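Read the structure below first, then the notes.
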Amino acid sequence: MRRGAKGRGASFNTPNRFEALHREVLPPESPDYDDDGGRHGTPTRYYEDSSRSILARNDSPDIPFTFSLNPYRGCEHGCIYCYARPSHEYLGFSAGIDFETRIMVKPDAPRLLAGALRESGWVPQTVTLSGNTDPYQPVERRLALTRRCLEVFLEFRNPVSIITKNALLLRDLDILGAMARLDLVHVMMSITSLDGDLIRIMEPRTSAPLLRLQAVETIAKSGIPVGVNIAPVIPGLTDEEIPAILQAAAARGASAASYILVRLPGSVGSLFVDWLGRELPDRRSRVLNRIRDTRGGNLNDPRFHSRGTGEGEIAASVRSLFTLSAARAGIRGSWPELSTAGFRRVTPGQQELFDH
């Protein structure tokens with residue numbers, strides 16, 4: 001059995017499906033220091049992403065948005081189940097430890113975003129921040145790329161939907177409050193479990209559950225629409241927490257809720273199986289069997305329309321539990337569309353005209 005890297009979700013690098021050679025990470029002879037304050041373990045390294053465009057277009061019928069913005073590729077949060085892990089393979093990295101320790105940073109994201117919104121062909125619409133990797137992962141505290149992108153969205157009056165697992169979002173309450181007054185923003189706080197011990201091993205560098213709930217309360221009291229996204233629901237591990245999560249979120253002002261059933265595409269399956277055997281061996285068989293029950297006997301089902309909800313009796317039970325629990329908590333499924341009525345195509349040099 002592999003030993004997990006300290007502060008990481010994955011314990012190894014899975015082979016990259018696009019590479020002929022596979023690189024294994026070996027234990028260092030002397031301890032390294034992580035970027036986040038000196039804990040011994042596998043260090044995080046950052047690379048400049050020279051992308052020339054910033055808005056990613058989605059054509060999947062399972063995803064309720066057309067455009068998303070990701071200031072970072074890879075995610076130091078290290079959630080073991082993350083469906084975005086295989087996207088790191090397109091960069092020549094692994095979906096395993098590389099995904100959480102080799103982070104691509106887009107320093108030009110705010111400038112590229114302003115250019116995209118300025119184009120005559122841009123149709124004002126809600127953009128999701130970020131849809132793939134978390135916009136408030138730890139390095140955002142230092143680089144503030146997400147904050148600067150929010151400033152651009154506010155400048156152009158283009159609406160944004162934010163999804164995060166990190167209470168760092170509270171840093172930007174000033175911008176979010178200004179956007180909310182113009183009906184330009186809503187926030188979904190992703191809460192997988194209320195069990196702090198489970199979160200520490202399953203989502204090692206995210207905010208603790210209590211901090212996320214406190215963030216929901218602060219956001220709601222600031223007049224910003226906020227909801228909770230139970231993503232993912234893991235049958236046999238976290239599904240029984242659905243009622244408690246919704247009640248706790250509703251008590252703190254959450255007004256919308258959604259869920260996604262766990263899916264384990266590509267190499268995520270082997271990482272998740274390894275993690276269960278390493279961290280929760282007594283629950284391994286139960287969890288895997290229940291996941292397979294929702295995926296036609298497999299760990300993943302790539303078909304559209306069933307990826308987010310699954311099929312079979314257990315998937316139906318999860319769906320019913322969520323629906324009933326949301327109703328009891330007084331939470332609806334979603335909000336009305338955000339406003340595009342105030343959109344303005346700001347040209348360089350106009351900013352001072354709109355500051356008053």
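None of the figures in this text is laboratory data; all of them are computed from the coordinates on show. Here the structure is a predicted model, which is why all the values come from computation and not from measurement. Note that each Cβ is placed from the backbone with ideal geometry, even for glycine, and that neighbours are counted across all protein chains shown.
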| remark: Burial-style ranking of 256-269, 68-81, average other-beta-carbon count within 10 Å with highest first, yields 68-81, 256-269
| When all C-alpha to C-alpha distances in segment 146-245 are sorted into bins of 10 Å, what percent of pairs does each bin hold, rounded to whole numbers? | 16, 45, 26, 12, 1
| query | Roughly speaking, what is the stretch gain from R303 to L170, that is 0.36 nm per residue apart minus the C-alpha to C-alpha distance, in nm to one decimal? | reply | 44.2 nm
| message | Report the Cα centroid-to-centroid distance between segment 299-343 and segment 155-182 in angstrom, as an integer. | response | 23 Å
| task | Provide the packing ranking of 226-233, 180-187, i.e. peptides ordered by the mean count of other C-beta atoms within 10 Å per residue, highest first. | result | 226-233, 180-187
| task | Name the residues whose placed amide hydrogens come within less than 5 Å of the amide hydrogen of I230, ignoring near sequence neighbours (fewer than 5 apart) on the same chain. | result | I191, S258, Y259, I260
| message | How are the alpha carbon pair distances in the chain distributed across 10 Å bins from zero to the largest one, expressed in percent? | response | 5, 24, 34, 25, 10, 2, 0
